[in-house]
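Novice: Okay, here's the structure, questions in a sec.
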Amino acid sequence: VPALQSQLMTLLLAEADPPVASFEDGTLLLARIDRLLTMGALDQAASLIDAAGADSSPELFRRSFDVALLTGQEDAACDVLKTSPGLAPTVTTRVFCLARSGDWNAAALTLRTAQALGNVTETEDHLLSRFLDPELFDGEDLPPPPSPITPLIWRIYDALGAPLPTANLPPAFAHADLSTHAGWKAQIEAAERLSRAGVISPNVLLGLYTDSTPAASGGVWDRADAFQRFDAALTKGDVTAIEQRLPLAYARMKDVELEVPFATLFGENLANYKLEGDAARFSFEIGLLSPDFKRLAKPDAANMDARGMFLAGLATGSVDGLIAPDSMARAIAPAFSDPKLADDIALLVDQGRIGEAILQAMLRVDQGLVGDLDRVSEGLSALRILGLEDTARRTALQLMILERRG
């Protein structure tokens, strides 16, 4: 659920006191950074690393180096090792950086020493040897990539002219395809993946979708074409064209679960037009998925069904007297009419463990999507009582509109 993903990001980046029982070795900080990296939030992870000091420990430097490798900044990261070689987390990193700086002799000596001591795997040995002297292996096949693939291994394969596709790798690797070195299709697919995770601005998606003319049909090309046609209609203010093109553009965004980025881009502008038919219904939903959802919730009892009225009620924070149109709405309603804290979450609050309470509230909603819908009510109730009203409302709206079920 995008609203919960956004709330998790806020928690991970918050300036907060660590738990009393937290370790003094930075375990919590590393866990936060690792979670951001898992989500593909490289810029956000980098901000935490920089605040702590990337050169303050090998563990922080390793994570900083991973970010650098995936964003094309590895030379700057390698420069740090020139003055602080002890930060190198692995022999592979040390050899790679020595070679990147042009010190091939030192790189080769370091590798040979590591070979003698058994400090590199067979695959690492083969890749690094080929990286240092590719002519010796002319005509030989590269070894199959290991599992898991690290950012450094990925970068070495790329440097050897055999880039590994990122589609089946963790989201963080998609950042490598945002560069101008990748083709337009790869850039769009990377932006879609990262937008879905909520870790890049929707404007990146806008820029890529409208960057060129689709070269073919099907898949990403159909999405780009539908997006461009709708964007052009909205830019011109052509109501007839908007009504014609919005349903298809919105459907293409639904295909790849990008409704919220689409709403962020167009919700406010779209609300300025009086539309009819399916376009009117989609415009209403898109407005509720946008950051301006409270202002754009315009209940019109004369022209709105029970579902529309309930959605408008969620946006304003009150569903009293409204009909819950389906099972999800019936699970959500108690959180907005009579919110109560579950006993275990109440105990966390009493102990001042607010961060844990928020995480438990989010977990309740997640659990509800794959089983007991009563958990959804518990989670939303907790979010409201803990003061996260906007998160609760946006989550409820997205549960209704996006139909994200496990």
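The values are calculated or read from the model by the stated rules, or taken from the named source; none is laboratory data. This one's a predicted model, so the numbers in the text were calculated from it and none came from an experiment. Virtual Cβ from ideal backbone geometry, glycine too; neighbours counted across all protein chains shown. Quick note on the areas: whole protein, heavy atoms, side chains included, nothing else; ligands and nucleic acids left out. Shrake-Rupley method; radii C 1.70, N 1.55, O 1.52, S 1.80 Å.
Novice: Evaluate the range 360-370: report whether one residue or more is assigned to a loop (DSSP other than H, G, I, E, B) and more than 30 Å from ARG32 (Cβ to Cβ).
Specialist: Let us first name the residues in the range 360-370 that are assigned to a loop (DSSP other than H, G, I, E, B), namely 369-370.
Restricting the remaining residues to those that are more than 30 Å from ARG32 (Cβ to Cβ) gives none.
No.
Novice: State which residue is surrounded by the fewest Cβ atoms within 10 Å (Cβ to Cβ) when the search covers only the range 258-279 and only residues that are in a loop (DSSP other than H, G, I, E, B) and touching a residue at least 24 places away in the same chain (Cβ under 8 Å).
Specialist: Within the range 258-279, the subset in a loop (DSSP other than H, G, I, E, B) is 258, 271-276.
Checking which are touching a residue at least 24 places away in the same chain (Cβ under 8 Å) leaves us with 258, 271, 273-276.
Working: LEU258: 24, ALA271: 18, TYR273: 16, LYS274: 8, LEU275: 18, GLU276: 10.
Among residues in the range 258-279 that are in a loop (DSSP other than H, G, I, E, B) and touching a residue at least 24 places away in the same chain (Cβ under 8 Å), the one surrounded by the fewest Cβ atoms within 10 Å (Cβ to Cβ) is LYS274.
Novice: Further question: Scan the range 220-257 residue by residue and report those that are farther than 21 Å from LYS185 by Cα and open to solvent by 60 Å² or more (accessible area, probe 1.4 Å). Walk me through how you get there before you give the answer.
Specialist: In the first step, residues of the range 220-257 are kept if they are farther than 21 Å from LYS185 by Cα; the result is 233-247.
Selection gives THR235, LYS236, ASP238, THR240, GLN244, ARG245.
Novice: Given the criteria aliphatic (A, V, I, L, M), part of a helix (DSSP H, G or I) and under 14 Å from the mean Cα position of the chain (by Cα), does LEU37 qualify?
Specialist: Numbers: aliphatic (A, V, I, L, M): yes; part of a helix (DSSP H, G or I): yes; under 14 Å from the mean Cα position of the chain (by Cα): yes.
So LEU37 fits the description; yes.
Novice: With respect to the numbered conditions (1) aliphatic (A, V, I, L, M); (2) closer than 18 Å to LEU8 by Cα; (3) open to solvent by 70 Å² or more (accessible area, probe 1.4 Å), which one is the sole condition not fulfilled by VAL370?
Specialist: (2)
Novice: With the requirement that a residue be in contact with a Leu (Cβ under 8 Å, 6 or more places away or on another chain) and of a type outside the set (A, V, I, L, M, F, W, C), what does the range 232-263 give you?
Specialist: Of everything in the range 232-263, those that are in contact with a Leu (Cβ under 8 Å, 6 or more places away or on another chain) and of a type outside the set (A, V, I, L, M, F, W, C) turn out to be GLU243, GLU257, GLU259, PRO261.
Novice: Just checking, which of ALA114, ALA99, ALA45, ALA77 is touching a Leu at 6+ places or on another chain (Cβ under 7 Å), assigned to a helix (DSSP H, G or I), farther than 24 Å from ALA14 by Cβ and open to solvent by less than 70 Å² (accessible area, probe 1.4 Å)? Write out each step before concluding.
Specialist: On the way: ALA114 fails: touching a Leu at 6+ places or on another chain (Cβ under 7 Å); ALA45 fails: farther than 24 Å from ALA14 by Cβ; ALA77 fails: touching a Leu at 6+ places or on another chain (Cβ under 7 Å).
Result: ALA99 is the single residue among ALA114, ALA99, ALA45, ALA77 that is touching a Leu at 6+ places or on another chain (Cβ under 7 Å), assigned to a helix (DSSP H, G or I), farther than 24 Å from ALA14 by Cβ and open to solvent by less than 70 Å² (accessible area, probe 1.4 Å).
Novice: Which numbered condition trips up GLU192, out of (1) part of a helix (DSSP H, G or I); (2) free of Cβ contacts under 8 Å to residues at least 12 places away in the same chain?
Specialist: (2)
Novice: Filter the range 338-358 for residues that are modelled with pLDDT under 95 and either over 14 Å from ASP374 (Cβ atoms) or among the β-branched types (Val, Ile, Thr) (or both) and give the result.
Specialist: GLN351, GLY352, ARG353, ILE354, GLY355, GLU356
Novice: Taking the options SER283, SER290, name whichever one is closer than 29 Å to ALA197 by Cα, small (Gly, Ala, Ser) and in contact with a Gly (Cβ under 6 Å, 6 or more places away or on another chain). Give the derivation first.
Specialist: Details: SER283 fails: in contact with a Gly (Cβ under 6 Å, 6 or more places away or on another chain).
Result: SER290 is the single residue among SER283, SER290 that is closer than 29 Å to ALA197 by Cα, small (Gly, Ala, Ser) and in contact with a Gly (Cβ under 6 Å, 6 or more places away or on another chain).
Novice: Filter the range 85-96 down to the residues that are touching a helix residue (DSSP H, G or I) at 6+ places or on another chain (Cβ under 6 Å) and part of a loop (DSSP other than H, G, I, E, B), then identify the one that is most open to solvent (accessible area, probe 1.4 Å).
Specialist: The qualifying residue most open to solvent (accessible area, probe 1.4 Å) is PRO89.
Novice: Take the range 124-136 and flag every residue that is loosely packed, with under 15 Cβ neighbours inside 10 Å, touching a helix residue (DSSP H, G or I) at 6+ places or on another chain (Cβ under 9 Å) and either assigned to a helix (DSSP H, G or I) or basic (Lys, Arg) (or both).
Specialist: Residues of the range 124-136 that are loosely packed, with under 15 Cβ neighbours inside 10 Å, as a first pass: 133-136.
Filter once more, keeping what is touching a helix residue (DSSP H, G or I) at 6+ places or on another chain (Cβ under 9 Å): 133, 136.
Correct list: LEU136 only.
Novice: A follow-up question, please. Output the residues belonging to the range 162-180 that are open to solvent by less than 60 Å² (accessible area, probe 1.4 Å) and part of a loop (DSSP other than H, G, I, E, B).
Specialist: Quick first cut of the range 162-180, residues open to solvent by less than 60 Å² (accessible area, probe 1.4 Å) only: 162, 164, 166, 169, 171-179.
Listed by number, the residues that qualify are ALA162, LEU164, THR166, LEU169, SER179.
Novice: I've got another one for you. In this structure, is ALA88 without any contact (Cβ under 8 Å) to a residue 60 or more places away in the chain, closer than 30 Å to GLY198 by Cβ and within 31 Å of the chain's Cα centre (by Cα)?
Specialist: Numbers: without any contact (Cβ under 8 Å) to a residue 60 or more places away in the chain: yes; closer than 30 Å to GLY198 by Cβ: no; within 31 Å of the chain's Cα centre (by Cα): yes.
So ALA88 fails the test.
Novice: Separate question: Can you find a residue in the range 103-126 that is under 23 Å from the mean Cα position of the chain (by Cα) and modelled with pLDDT of 90 or more? So that I can check it myself, show each step before the final result.
Specialist: Of the range 103-126, the ones under 23 Å from the mean Cα position of the chain (by Cα) are none.
No - not one qualifying residue is present in the range 103-126.
Novice: While we're on this one: From the list ILE401, ILE385, which one is in contact with an Asp or Glu (Cβ under 6 Å, 6 or more places away or on another chain) and β-branched (Val, Ile, Thr)?
Specialist: Values: ILE385 fails: in contact with an Asp or Glu (Cβ under 6 Å, 6 or more places away or on another chain).
One residue alone meets the criteria, ILE401.
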